[in-house]
Amino acid sequence: GHFTREANDNTLLVLQIETVKGVEHLDEILAVPGIDVVFVGNADLAQSRGCPDNMESGPVRDTVERILKTVTSRKIIGGVNVIDPKIIAELHEIGARFVTLTGDVDLFIAGLGSVIKNQRKWPKSRIR
């Protein structure tokens, strides 16, 4: 009853498009009612397009822009992960409103680097 209605009213439905096949079926995907956000997984999209080292420019960037323009034209929030913070404003202009900065691997590497750096400062007596 009440709980189910409240939960449904307060649920954010986020879909992720991260393959060429997903892009090819974008119109069908967007026909699903109730979508709040379509997030572009540009790292996986770059892999799917065969250009894993080029996720923010070239054909991947063109595809990201096309997806963002398509979803915003349908009154759905567009999202994307950004590695280079300098392009956030550009992506915002074409519809990105749900933006993540960096990725899980980058955060893991940075955290691990911090641990290693701090460990080197420990007295040798603390290392076993």
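The values are calculated or read from the model by the stated rules, or taken from the named source; none is laboratory data. This structure is a prediction, so every number in the text was calculated from the model and none was measured. Ideal geometry is used to build each Cβ from the backbone, glycine not excepted, and the neighbour counts take in all protein chains shown. Only protein heavy atoms, including side chains, enter the accessible area calculation; ligands, DNA and RNA are left aside. Shrake-Rupley method; radii C 1.70, N 1.55, O 1.52, S 1.80 Å.
A few notes on this one:
- Filtered by the rule that a residue be outside any loop (DSSP other than H, G, I, E, B) and small (Gly, Ala, Ser), segment 1-20 gives a lone residue, 7.
- Every residue from segment 49-65 that is open to solvent by less than 50 Å² (accessible area, probe 1.4 Å) and within 16 Å of the chain's Cα centre (by Cα): 55, 56, 60, 61, 63, 64, 65
- Exactly one residue out of 13, 68, 45, 26 is of a type in the set (A, V, I, L, M), open to solvent by 50 Å² or more (accessible area, probe 1.4 Å), at negative phi and touching a strand residue (DSSP E or B) at 6+ places or on another chain (Cβ under 8 Å): that is 13.
- Any hit, segment 94-107, residues being open to solvent by 60 Å² or more (accessible area, probe 1.4 Å), closer than 29 Å to residue 12 by Cα, modelled with pLDDT of 90 or more and more than 16 Å from the chain's Cα centre (by Cα): no
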